[in-house]
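What follows draws every value from the coordinates through simple rules; no lab data is involved. From a predicted model like this one, the values you see are computed outputs, not experimental measurements. Please note: Cβ atoms are built from the backbone with ideal geometry, for glycine as well, and neighbour counts cover all protein chains shown.
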Amino acid sequence: MIKKDRQFYRFALYGFLKNLRFFEPFIILIFRENGLTFFQIGILYSIRDLTNNLTELPTGFIADAFGRRKSMVFAFIAYILSFFVFYTFSNFYISAVAMVLFGLGESFRSGTHKALILEHLKLNDMLDLKVAYYGRTRAASQMGSAFNSLIAAALLFFTGDYRTMFLAATIPYMIDLINLATYPKILDGELTQFDRNALWGQVKATLKDFIGIFRDQHTMRAILNSASFTALFKSTKDYLQPILEAFALALPFLIFVDDVKRSGVVVGIVYFFIYLLTSYASRSSNEFSRRFKNLTAPINLTFLAGVGFLFVAGLSTWQNLTLISILLFLGFYVLQNLRKPMNVAFISDQISHKVMASGLSVEAQFTTILVAVLAPILGVLADTFGVGIALTVLGAGTFLLYSFVKVK
């Protein structure tokens, strides 16, 4: 049974506040309002993820060798700075600067908080509960996303200004920064207190274990399975926004207000229900995985189902079957959150706890490489052939990768 001590609720609080990114349900609509093409939006996504990629391994080493809490604090400082830049400026080139800052935040954060949770479980002899524990804390994150959607819709309705949401997002992030900075020191891992003269030896030991990750075929398949599906999700999930916008403007709903406010309300409400379901999916991940003899079967099954949902959602969008497309996207979101705790548990089973942050950062790095490649390609396809064809092509292409990423 999960021990819901004080630290459990602080982990949950972190996830809840971290997902209060009020701009997120409308990010593509914001960029489109600023006059950007889908290709330019894809380039911005690539800048964010290339920044993440170039700094992923160094920040993973920093987390393992110098302290995971410090890494998280640096991440949130970078996030807050990016929000201020987005709020102040709106053109493509300045948005690129903001994306660099955001990418730095992602690289300092990715894998590190999972390692903090796993360190807490190890210290409390609860590693056998990692799927359930991580699923429960991730559920709090999804609840944050649900409330984020309603708050964002309200902000947009009453202000009519997308940029206000960037400024508002700095408030929960400042609170979360304080929460992270005051985590117990013991969660930093073995290098919480270290001898400066022994630092190089510690770094070499970490590097040796880290390189060992690449020599294990089963570990690499687990990492690639998780990374490829997550990259597909991250590259395509925001394309639900223009689909929802088209759906909202076709409804005889709030016709007395302008299109931005009207679509904002519908988008916010739909995302609220999406994240309520994804929160339930995260909580149910452990129960779902227990229906199988091991984790390989549900991981492979959800991979194929998710890719299939995206493929059919693209076809439905192409044929203007908007409601079907929205429902399939809903299933895609649910599967991503059902999969994530299982993937983290499966990967962590094969990585030394001493290099947990670095090992999980490998998965995150592969994800960012794939997003950096996929996002501009998706943008070009969307500009040239439409969103529906773009999603269909990407879904079909991912099917071809399955034999290379199937876990065994």
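Scanning the chain for helices, which whole DSSP H stretches are 20 Å or more long along the axis (Cα) and average -1.0 or more by Kyte-Doolittle?
The answer, listed by residue number, is 38-66, 68-88, 92-109, 130-159, 164-181, 199-213, 217-236, 259-289, 296-318, 322-348, 356-385.
Starting from 0.36 nm per residue, how many nanometres of slack lie between T182 and F404 once their C-alpha separation is accounted for?
Full-extension gain reported as 75.7 nm.
Rule-of-thumb check for the chain: C-alpha Rg over 2.2 N^0.38 Å?
0.95
Counting helices only, and only those DSSP H runs with n ≥ 4, report the 222 nm mean residue ellipticity of the chain as the sum of -39,500 (n - 2.57) divided by its residues, in deg cm²/dmol to the nearest 500.
-27000 deg cm²/dmol
Could you list the square roots of 5 times each eigenvalue of the Cα gyration tensor of segment 29-159, that is, the equivalent ellipsoid semi-axes, sorted largest first and rounded to whole Å?
That gives 31, 20, 12 Å for the three semi-axes.
By how many nm would the segment from V373 to S284 grow when fully extended, if each residue of separation counts as 0.36 nm and the alpha-carbon distance is taken off?
28.8 nm
Just rank L232, L177, fewest to most, by other beta-carbon atoms within 10 angstrom.
Fewest-to-most Cβ neighbours within 10 Å comes out as L177, L232.
Quote the FRET efficiency, to the nearest 0.05, computed for L277 versus D5 with a Förster distance R0 of 22 Å and r equal to the Cβ-Cβ distance.
0.20
Which of V407, V387 comes first, and how do the rest follow, when ranked by fewest Cβ neighbours within 10 Å?
V407, V387
Between A139, A250, A115, which gets the highest mean-square fluctuation from a Gaussian network model of the chain, Cα cutoff 10 Å?
Of A139, A250, A115, the Gaussian network model singles out A250 as fluctuating most.
May I ask you to sort M99, M220 by Cβ crowding, counting other Cβ atoms within 10 Å and putting the fewest first?
Ordered from fewest to most neighbouring Cβ atoms within 10 Å, M99, M220 come out as M220, M99.
Report the FRET efficiency, 1/(1 + (r/R0)^6), for F256 and N294, where r is their Cβ-Cβ distance and R0 is 56 Å, rounded to 0.05.
0.50
Assigning unit charges at the beta carbon (Lys, Arg +1; Asp, Glu -1) and nothing else, what dipole magnitude in debye, to the nearest 20, does the chain show about its Cα centre?
The calculation lands at about 1040 debye.
Exceeding 21 Å between C-alpha atoms, which entries from my cross-link table qualify? They are K4/K234; K18/K261; K340/K408; K70/K234.
Exceeds cut-off: K4/K234; K18/K261; K70/K234.
State the extension gain, in nm to one decimal, for the chain segment bounded by L321 and S90, taking 0.36 nm per residue of separation less the distance between their alpha-carbons.
79.9 nm
With a sphere of radius 15 Å drawn around the Cβ of S263, what net charge do the other residues whose Cβ falls strictly inside it have (Lys, Arg +1; Asp, Glu -1)?
Residues near S263 contribute -3 overall.
Would you mind computing Rg(Cα) / (2.2 N^0.38 Å) for segment 19-95, counting N as its residues?
With N residues counted in segment 19-95, Rg over 2.2 N^0.38 Å equals 1.28.
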